[in-house]
Amino acid sequence: MTENEKIDVLGVAFDNLTMDEAVDRGWALMQQRRAAYVVTPNPEIVMVCRSDPAAAEAVAGASLTIADGIGVVYGAKILKTPLKQKLPGIDFTQGLFARLAEASGSVFLLGSKPGVAELARDRLQKQWPGLRVAGVHDGYFQEDGPVVEQINAVAPDLLLVCLGAPKQEKWMHRWASALDVGLMIGAGGSMDVFAGTVERAPERWQRAGLEWLYRLLREPKRLGRMMVLPKFLLCVLFRKKK
Ligand code: UDP
């Protein structure tokens, strides 16, 4: 597999790909079955990596780093190293589901509150009849070992890790060498959307690059977390001047 161009946004190296290229690359990694992982950083995670070396190391260890949010795309543009497009992790995951469904492949759903992964399993199996959900586990476990064993017992093609960032990135980095899976993706709040417990922004909002605003309006408690956005922008502008 040839290496593709990387775009640095405040220390995180993003793969510069279209969605089709990213899904092709994810699929190829899955076939290698070496538990490589995909990360989907938004500006918040980029900023976390600047102050949390373990998070930065986990993100840097990914085989594929896609720009989940419009903020990263703007950041890259301001830095005069534009990315081809925004690559929402949830769309990327669905691209892999489509391929897995065709190939009768399997996925293990890890994360979210108890009961949510089961709901996601039921909905995903209806939506993608060829897709096998080989197992589920909530994201509030105390010991990692038994969870790793449960995943390895079914050896899925894809492991969805939805523990929130940067916990999910650190978890994938820590356990990659022990896991018998094709590929992992740190997919944040996607499980809640697949389960139907959280609604995704309507397409018009997504196209306008306002998915973050929709999410903020639905979950105002996210405002505190989003205060890091102006800081991200200032860092990008400062870097640009240099
Ligand atoms: N979560 C989890 N275990 C934890 C912390 C969070 O499974 O210890 C789940 C949480 O229930 C939610 C998901 O992680 O379903 C992602 O949460 P968040 O909204 O923070 O997602 P992000 O902004 O990272 O996409």
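The values are calculated or read from the model by the stated rules, or taken from the named source; none is laboratory data. Note that the coordinates shown come from a computational prediction; the quantities given were computed from them, not determined experimentally. Cβ coordinates were reconstructed from backbone atoms using ideal geometry, including for glycine residues, and neighbour counts include every protein chain displayed. Each accessible area value is taken on the protein alone, full model and side chains, heavy atoms only, with ligands, DNA and RNA left out. Shrake-Rupley method; radii C 1.70, N 1.55, O 1.52, S 1.80 Å.
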1/(1 + (r/R0)^6) with r = Cβ-Cβ of A13 and L210, R0 = 30 Å, i.e. FRET efficiency to nearest 0.05, evaluates to 0.65
How far is helix 19-32 tilted off the main Cα axis of the chain, in degrees rounded to 10, range 0 to 90?
-> 40 degrees
Go ahead and set up a Gaussian network model of the chain, Cα springs under 10 Å, then flag whichever of G75, G135, G145 fluctuates most.
-> G145
Report the label-to-label distance for R123 and E143 in nanometres (one decimal), using points 7 Å from each Cα along the Cα→Cβ vector.
-> 3.3 nm
Kindly report the accessible area of segment 1-155 per residue (heavy atoms of protein chains, probe 1.4 Å, no ligands, DNA or RNA), in Å².
-> 45 Å²
When DSSP assigns beta bridges and you keep just the ones with both residues in the chain, what percent turn out antiparallel, to the nearest 5?
-> 15 percent
Give me the percent of Cα-Cα pairs in the chain that sit more than 27 Å apart, rounded to a whole number.
-> 31 percent
Under the rule of -39500 (n - 2.57) per DSSP H run of 4 or more residues, summed and divided by the residues of the chain, what mean residue ellipticity at 222 nm is obtained, to the nearest 500 deg cm²/dmol?
-> -14500 deg cm²/dmol
Pull out the extension gain between D52 and K80, defined as 0.36 nm times the separation in residues minus the alpha carbon to alpha carbon distance; nm, one decimal.
-> 7.5 nm
Would you mind telling me which residue in G61, G224, G139 has the biggest mean-square fluctuation in a Gaussian network model of the chain, where springs connect alpha carbons within a distance under 10 angstrom?
-> G224
Treating only Lys and Arg (+1) and Asp and Glu (-1) as charged, each at its beta carbon, one finds that the chain has a dipole about its Cα centre, in Debye to the nearest 20, of 1060 debye
In this model, which of K170/K221; K77/K170; K113/K167; K170/K231; K6/K84 are farther than 19 Å apart at the alpha-carbon?
-> K170/K221; K77/K170; K170/K231
Of all the accessible heavy-atom surface of the chain, with the other protein chains kept in place and a 1.4 Å probe, what percent is carbon and sulfur?
-> 54 percent
